[in-house]
Amino acid sequence: MSDLEDLYREIILDHYRSPRNRGELAVPPASRAEGFNPLCGDEIVVYLQLDDPAKGDEAVVQDIAIGGQGCSISQSSASMMSAAAKGHTVAEVRELSSAFKSMMSVHEDELGGTVAGAPEDADLSALGDLAALRGVVQFPVRIKCATLAWNTLAEVLAQAGVATSE
Amino acid sequence: MTIDTMGTPDPNASAPTRPDNGSALDVPSIKADFPILSNRIDPPLVFLDSAASSQKPTAVLDAMRHYYEYDHANVHRAAYDLAEAATNALESARAKVAGFIGATDPAEIIFTKNATESINLVARSWGAANLGEGDAVLLTQLEHHADIVPWQQLAAEKGFEIRWIPLTADAQLDLSDLDRMLDGVKLVGLTAMSNVVGTLTPVRHITEAAHTAGAVVCLDACQSVPHTPTDVSELDVDFMVFSGHKMCGPTGIGVLWGRRHLLEDMPPFLGGGGMILDVRLDGFVPADLPAKFEAGTPPIAEAVGLGAAVDYLEAIGMEVVREHEIRLTAYAMRSLTERLGDDLTIHGPAEPDLRGGVLSFAYRDIHPHDLSQVLNSYGVCVRPGHHCAKPLMRCLGVGATARASWYIYNDTDDIDALAAAIEASGDFFSP
Ligand SMILES: Cc1ncc(COP(=O)(O)O)c(C=O)c1O
């Protein structure tokens, strides 16, 4: 069971049971994007309100709301993401996103193969609660659940007029 | 017995010795025929995903290996003995498959890659030649995406209408408006058994109504042919499709059966070698059935494997297979409900003999993806997701289900392991 406990850390289950920033924002002024995981039917909606898109990278995420439904991994990832993004600049959110994706994607090439586990020496400190999701890399099919919210975030940023660097 | 009239079969009908558990099947000896079940032992494999694809018995694997080791060459058009052996292997498999579904003419059996390709063949060939503006195709809300998307693709080109037979609350077909819905319909696409909720559909009843309305019926028998006795003349359908890999056969081979006169009138689907009588600079003449629909080198070894799978299932007896699955379904519905109580929701018909060996369920508010992850840690293989039937998911009001499905190599121990693992997932997520 130890792998399972590593996957479903208490903090993940906590975000799943009591999701943060759950709801909707009025569009406009907010922007909205939807993401689907076609394999399992998970669905995430991200609403994003920037203080001023014209500030580009320095625009601040004033408000963010999450809708949709899905498994504990996709929903807790979205909840943690919303908590981590709120009040931060677009540049900071982008950095967070790439730190998260590198935690997930180190092993993404190895889909189907044996996966050793989370990267030992990667800097997870910047990720805060999100680092709890690192156990997901041991379950390659679940990586898409964890990254769904982040791909949707990239889309909503683009909609808000601040394209991501990816 | 056909899938229409399936009830609990007469217990005296076939008389193999009956093990203690009341099943006519000697499951332990069947399990021993499937190498994967003894190769995967830590944890022991509790395989409950046969609706997606079944496991393969040694007899099938041996037949394919023997074919490659003794008989392989390309088929047709060669004078040497080996090519004749390969051709015979392919054609004898065709004859076995025909016999298995009650088709009198092996030329009415077209080998394809899978059931999906078979449906696309019907859509692209029969459909493209016969459907246009003002016409309608009638489908059901139980259908697999394989029996939805090809029709939607064609409708976008040809401008015909697609209508949907709705469902009752327990995921059976609501046929109250059937005659009106059939007005103007040229083809009915129908599943014989839902791959998600196990619902058996009244094929014969619908076929009669469809024929009266002047429509042809294409039956998606993916889930019924592997599990129940099937006779195309009793069912009276016009086309029927299924896949080899769900009935103990290999992947890479599917079947289309069609009435000869329909197949003869249809234009070829894929073009290439093998499907022609003559090719000139200004055109070609298609070959006779079945070659006309089998462009390119066919899946010869796969056909041999499918033929061996048919032999294997026939030796057991399809009546016995169906009887075993009704018993196991009844046991599963009863024991899971007793053990898990109101925390468990089972989708679909409540009566075991109205369904195939497929159980879609929800447990507490645990998401199916999370549930099956925990089950996996106990070696229990069930499938989470929409099972390629998103319209049905919307009818059920869920985004996904966890689905357990069984076959000849499953027994009550497997169901008990499932129940125990579901209980453990409850402890895990809400201690
Ligand atoms: C009812 C039904 N129809 C069609 C299919 C498609 O079968 P295949 O993927 O082998 O083409 C399946 C299998 O998933 C099925 O269960």
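Give the span of the stretch B:307-431's Cα atoms along each principal axis, as three whole-Å numbers ordered largest to smallest.
For the stretch B:307-431, the Cα extents along the three principal axes come out at 47, 32, 26 Å.
Say each of B:His145 and B:Ser53 gets a label point 7 Å from the Cα, pointing the same way as Cα to Cβ; how far apart are those two points in nm?
For B:His145 paired with B:Ser53, the spin-label model returns 1.6 nm.
I need the Debye-formula profile for the stretch B:60-315: one equal scatterer per C-alpha, no solvent, reported as log10 I(q)/I(0) at q = 0.10, 0.13, 0.16, 0.17 1/Å, two decimals.
Reported log10 I(q)/I(0), two decimals: -0.49, -0.82, -1.17, -1.29.
Using all C-alpha to C-alpha distances in the stretch A:2-159, build P(r) with 10 Å bins and read off the rounded percent in each one.
11, 42, 34, 11, 1
What is the interface area between chains A and B, defined as buried accessible area summed over both chains with a 1.4 Å probe, reported in Å² to the nearest 100?
For A against B, buried area totals roughly 1400 Å².
Out of the DSSP beta bridges found with both residues in the stretch A:2-159, what percent are antiparallel (nearest 5)?
Counting DSSP beta bridges with both partners in the stretch A:2-159, the antiparallel share is about 95 percent.
So which residue, out of B:Asp231, B:Asp135, B:Asp282, gets the largest mean-square fluctuation from a GNM of chain B using Cα contacts under 10 Å as springs?
B:Asp282
Calculated FRET efficiency, B:Arg180 and B:Asp282, Cβ-Cβ r, R0 45 Å, to nearest 0.05?
Working: r = 48 Å, r/R0 = 1.07.
Taking R0 as 45 Å, the efficiency between B:Arg180 and B:Asp282 is 0.40.
Placing +1 at every Lys and Arg Cβ and -1 at every Asp and Glu Cβ, with all other atoms neutral, what dipole size does the stretch A:2-159 have around its Cα centre, in debye to the nearest 20?
420
With unit charges on the beta carbon (Lys/Arg positive, Asp/Glu negative), name the residue among B:Ile326, B:Gly379, A:Ala78 whose Cα is farthest towards the positive pole of the charge dipole of the protein assembly as shown.
Sorting the options by dipole projection puts first A:Ala78.
Please report the equivalent ellipsoid semi-axes of the stretch B:165-211, computed as sqrt(5 x eigenvalue) of the Cα gyration tensor, largest first, in whole Å.
Taking √(5λ) for each Cα gyration eigenvalue gives 19, 12, 9 Å.
In this model, which of B:Lys96/B:Lys158; B:Lys96/B:Lys292; B:Lys292/B:Lys390; B:Lys113/B:Lys390; B:Lys56/B:Lys158; A:Lys101/B:Lys56 are farther than 30 Å apart at the alpha-carbon? If you can, show how the numbers build up before the last one.
On the way: B:Lys96/B:Lys158 37 Å; B:Lys96/B:Lys292 20 Å; B:Lys292/B:Lys390 34 Å; B:Lys113/B:Lys390 24 Å; B:Lys56/B:Lys158 41 Å; A:Lys101/B:Lys56 39 Å.
The pairs that break the limit, which is 30 Å between Cα atoms, are B:Lys96/B:Lys158; B:Lys292/B:Lys390; B:Lys56/B:Lys158; A:Lys101/B:Lys56.
Mean-square fluctuation check for chain B, GNM, Cα pairs under 10 Å: which of B:His227, B:His367, B:His144 is largest?
Among B:His227, B:His367, B:His144, the largest mean-square fluctuation in the Gaussian network model of chain B belongs to B:His367.
At 0.36 nm per residue, minus the direct Cα-Cα distance, what do B:Ala315 and B:Asn39 gain on full extension? Give it in nm, one decimal, please.
Stretched fully, the B:Ala315-B:Asn39 segment lengthens by 96.9 nm.
Using Cα-only point scatterers and the Debye equation, what is log10 of I(q)/I(0) for the protein assembly as shown at each q in 0.05 Å⁻¹, rounded to two decimals?
Debye curve over Cα of the protein assembly as shown, log10 I(q)/I(0) at q = 0.05 Å⁻¹: -0.26.
Of B:Leu175, B:Leu187, B:Leu277, which is the most mobile in a GNM of chain B whose springs link Cα atoms less than 10 angstrom apart?
It is B:Leu277.
With +1 assigned to the C-beta of every Lys and Arg and -1 to the C-beta of every Asp and Glu, and no other charges, what is the dipole magnitude of the stretch B:60-315 about the Cα centre in debye, to the nearest 20?
Computed about the Cα centre, the dipole is about 340 debye.
Read phi for every residue in the stretch B:188-205 and hand back ³J(HN,Hα) as whole Hz from Karplus 6.51 cos²θ - 1.76 cosθ + 1.60, θ = phi - 60°, with x for Gly and Pro.
3J(HN,Hα) across the stretch B:188-205, in whole Hz: 10, x, 9, 8, 7, 8, 5, 6, 9, 10, x, 3, 8, 9, x, 4, 4, 4.
Order B:Lys186, A:Lys144, B:Lys246, most accessible first, counting only protein heavy atoms with a 1.4 angstrom probe. Walk me through the numbers before you get to the answer.
Working: B:Lys186 75, A:Lys144 110, B:Lys246 25 Å².
Putting B:Lys186, A:Lys144, B:Lys246 in descending order of accessible area: A:Lys144, B:Lys186, B:Lys246.
Checking buried surface per residue: for the stretch A:1-23, which residues lose a minimum of 50 Å² accessible area in the protein assembly relative to the chain alone (1.4 Å probe)?
A:Met1, A:Leu4, A:Tyr8
Going out from 0 in 20 Å bins, what whole percent of all Cα-Cα distances in chain B drops into each bin?
Cα pair-distance distribution for chain B, in percent: 26, 56, 18, 1.
Run the dipole for chain B about the Cα centre, Lys and Arg Cβ at +1, Asp and Glu Cβ at -1, nothing else charged, and hand back the magnitude in debye, nearest 20.
700
Positive end of the dipole of the stretch B:60-315, charges at C-beta (+1 Lys, Arg; -1 Asp, Glu), about the Cα centre: which of B:Thr228, B:Ile165, B:Leu154 has its Cα farthest in that direction?
Farthest along the dipole direction, towards plus: B:Leu154.
What does the extension gain come out to for B:Asp353 and B:Ala95, with contour length at 0.36 nm per residue minus their alpha carbon separation? Display every interim value, and only then the final one.
Values: separation 258, 0.36 × 258 = 92.88 nm, distance 3.08 nm.
Going from the current span to full extension adds 89.8 nm.
Pull out the extension gain between B:Leu270 and B:Ala156, defined as 0.36 nm times the separation in residues minus the alpha carbon to alpha carbon distance; nm, one decimal.
Here the segment from B:Leu270 to B:Ala156 would lengthen by 39.0 nm.
Have a look at A:Gln49, A:Ala158, A:Tyr8 and report the one farthest towards the positive end of the charge dipole of the stretch A:2-159, computed about the Cα centre with Cβ charges (Lys/Arg +1, Asp/Glu -1).
Selected residue: A:Gln49.
Report the Cα-based extents of the stretch B:132-232 along its three principal axes, largest first, to the nearest Å.
On the principal axes, the stretch B:132-232 reaches 38, 30, 26 Å in Cα extent.
The values are calculated or read from the model by the stated rules, or taken from the named source; none is laboratory data. Fair warning: this is a prediction, and the values are worked out from it, not measured in the lab. Using ideal geometry, Cβ is built from the backbone for each residue, glycine included, and neighbour counts are taken over all protein chains shown. For accessibility, only protein heavy atoms count, side chains too; no ligands or nucleic acids. Shrake-Rupley method; radii C 1.70, N 1.55, O 1.52, S 1.80 Å.
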